[in-house]
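First comes the structure, then the notes that go with it.
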Amino acid sequence: MSLISKLTTRFLLWLGVVWVIMIALWMSVVLYFFNFYGVSDSLGGDDYKAQDIYEGDWLREIVKGTAVIKGHVKVSDRVEKTLDRRESGLQIVDGRGREVYRRGMNHDWPSHISPGELLREKRLNERSLFIWQSRKQGKSYSWILRRDDEFSLQKLASSTPVTKGKVDLSDSWKDEVKKRRGWIQVLDAQGDEVVNFRRPEALPNHYASGELIERVKNTQDHWQVNVWYESKRKWTWIYGQPGLDIETQLSNRWRITYGWGIPLCVGIALLIAWFFGRRLGTPLLHMVEWIENLAAGIFQEPSTKHGLPKSRGMDGKSLRRPFRLYQDVIKVLETLTTTLKRSEEERDRLERTREEWMTGVSHDIKTPLASVKGYADLLEAKQYQWKEEEVRHYAQIIREKAEHMERLLADFNLTFRLENDALPLVKKDIDVVELVRRSAIDLSNHSLSDEQQIVFQAPEETRLMYPLDGHWFKRAINNLGMNALLHNARDTTITLEVDKLSADKEPSNAHGGIIIRIRDNGRGMDEQTLVHLFERYYRGTDTRYDEGTGLGMAIARRLVEAQGGSLHLQSQVGKGTSITITLPDKS
């Protein structure tokens with residue numbers, strides 16, 4: 001017997017037994033409730049306190065635990081603890097509707113309530129608001145009990161952020177509504193829908209005056225509706241869940257109990273069990289195969305002979321009907337597959353980067369290390385008698401080579417961290433004008449800027465603030481400026497310019513876009529240099545400085561991009577070069 005046959009047989013037996021038991025139990029419950037209905041109607045009388053047996057018993061206990069001492073109403077500790085545990089609110093008002101006790105009620109619930117207001121609230125919230133009227137020491141009091149333990153619209157409204165008129169329901173609330181098979185709708189002061197979640201298509205997205213009250217009272221469409229009014233924004237929060245229609249239920253129980261026989265119910269149960277056994281078994285086998293593929297390192301969903309995922313329809317997007325029951329599990333498997341595939345790609349990329357890093361270190365460090373070793377061997381040789389000036393000269397060369405190796409290792413490490421997004425950035429509001437000004441000062445004070453002119457340009461008396469990591473962004477500016485300094489003649493003018501990105505020059509636009517230009521009127525670059533300038537280990541041929549690492553421009557570009565900026569390069573041989581850094585608008 002194949003696995004699918006075994007699984008189908010097991011589901012058939014299991015669902016068959018469950019269905020037989022559930023149908024027998026269901027019929028017993030139908031008969032029990034058929035004979036039970038009418039009890040509440042027979043209670044009758046002038047007192048409406050028995051409208052809900054359970055809340056009525058609880059209110060009776062609350063009334064017993066209420067005492068009037070010297071005109072002050074007090075409730076026992078046991079009652080208050082029960083109110084807190086059940087997340088319910090209690091208000092006691094005297095005969096004139098004035099509040100004499102309050103605990104756990106909503107902050108917007110009035111402290112004085114008229115009979116008409118109380119009747120309106122009772123009609124709108126008849127499933128969560130319960131009232132008891134009695135006398136204590138000859139005075140009339142009303143106990144108002146509000147139960148929000150089923151689903152608290154007030155908690156939903158208070159914990160849901162609203163940004164620019166957009167309501168963002170959290171995943172936990174959505175899961176709670178789904179679990180209850182309910183729906184949420186929010187209306188503004190005009191009755192127009194602000195947002196909804198799982199609202200049935202048959203229900204309107206706008207309510208006129210009075211329509212909402214009819215919706216709350218109407219149960220013909222099998223929906224129970226609760227409403228909470230948020231006075232601050234004048235919004236109405238509506239929650240609905242499947243309800244009961246007593247007349248329909250009684251009619252169905254008559255028809256099912258006497259119109260159908262037990263043998264027919266058993267036959268239908270077995271047929272449904274077989275049907276569900278087939279439909280439930282196929283997706284399970286598919287998911288098992290999927291998990292086996294993941295374990296074998298195949299990070300994709302098993303597909304049909306046409307190359308489409310087995311769980312999808314011919315369009316490749318919608319789920320096939322048997323798989324819709326497991327759509328949450330399939331989503332998790334898709335997420336897991338994507339995560340594992342991304343992790344595998346990241347691991348391969350990290351391994352390649354590590355190999356490149358090791359190759360670069362071993363290659364670029366050989367030259368200075370050979371120089372250090374050569375001069376050390378010369379100093380160590382006994383056949384030579386070195387003068388003090390020669391020893392110091394060789395020691396200076398060894399120190400310079402060692403410093404060059406330190407720069408190489410530092411640039412290698414920084415490149416490795418940038419390539420793997422492992423560089424922590426501490427962003428805060430930085431005055432970009434001042435930052436670029438300091439870079440210009442550093443550039444002009446460099447030993448190689450002997451006859452070159454360094455010019456700084458920025459809007460007068462303007463501070464351009466932008467969220468940046470100042471240390472690393474200044475490193476990028478310095479690298480770009482040094483590149484212009486080292487690859488141009490001594491009579492070159494290098495300009496560092498800062499300006500706003502937009503045409504609006506008002507300084508009040510905080511975090512607006514910013515442009516930084518580093519331009520010169522020097523030699524310019526040919527096409528080959530333009531293509532390879534920002535590649536690692538690329539060195540220009542016209543430099544006056546031979547101690548570079550070949551990583552400065554690549555590091556500058558990655559540092560700018562890591563902070564959300566972009567680089568644009570323009571150059572023409574004999575006319576100069578311009579590098580533009582664009583920081584986008586963050587306002």
Within the set of pairs 6 or more residues apart or between chains, which connect a residue that is more than 15 Å from residue 424 (Cα to Cα) inside the stretch 463-477 to a residue that is open to solvent by less than 10 Å² (accessible area, probe 1.4 Å) and hydroxyl-bearing (Ser, Thr, Tyr) with Cβ atoms less than 9 Å apart? 474/439; 477/439
Considering residues of the stretch 293-336 that are open to solvent by 60 Å² or more (accessible area, probe 1.4 Å) and either assigned by the TED database to the domain that holds residue 175 or more than 30 Å from the chain's Cα centre (by Cα) (or both) only, the residue nearest to residue 171 (Cα to Cα): 314
Some residue of the stretch 169-184 being among the small types (Gly, Ala, Ser), at pLDDT 80 or above and touching a Lys or Arg at 6+ places or on another chain (Cβ under 9 Å): yes
Flagged in the stretch 551-565 as out of contact with any Pro (no Cβ under 8 Å at 6 or more places or on another chain) and among the small types (Gly, Ala, Ser), in numbering order, are 552, 554, 556, 562
Please count how many residues of the stretch 478-494 are outside any helix (DSSP H, G or I), crowded, with 18+ Cβ neighbours inside 10 Å and not polar (S, T, N, Q). 2
Kindly provide the set of residues from the stretch 409-444 that are at pLDDT 85 or above and not charged (D, E, K, R), ordered by number. 430, 432, 433, 435, 436, 439, 440, 441, 443, 444
Of all residues in the stretch 432-477 being of a type in the set (Phe, Trp, Tyr) and over 14 Å from residue 495 (Cβ atoms), the one that is surrounded by the fewest Cβ atoms within 10 Å (Cβ to Cβ): 472
Pairs where the first residue, in the stretch 157-177, is in a helix (DSSP H, G or I) and the second is not aliphatic (A, V, I, L, M), C-beta under 6 Å, 6+ apart: 157/230; 157/237
Given (1) modelled with pLDDT under 90; (2) more than 39 Å from the chain's Cα centre (by Cα), index of the condition residue 457 fails: (1)
Residue list for the stretch 80-125, restricted to those being in contact (Cβ under 8 Å) with a residue 60 or more places away in the chain, in a loop (DSSP other than H, G, I, E, B) and open to solvent by 80 Å² or more (accessible area, probe 1.4 Å): 86, 87
Please specify each residue of the stretch 300-321 satisfying the condition of being farther than 18 Å from residue 333 by Cα and acidic (Asp, Glu). 315
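The values are calculated or read from the model by the stated rules, or taken from the named source; none is laboratory data. Please read these numbers as outputs of a predicted model, since none were measured by experiment. Here Cβ is always computed from backbone atoms with ideal geometry, including for glycine, and neighbour counts include all displayed protein chains. Note: accessible area is taken over every heavy atom of the protein model, side chains too, but ligands, DNA and RNA are not part of it. Shrake-Rupley method; radii C 1.70, N 1.55, O 1.52, S 1.80 Å.
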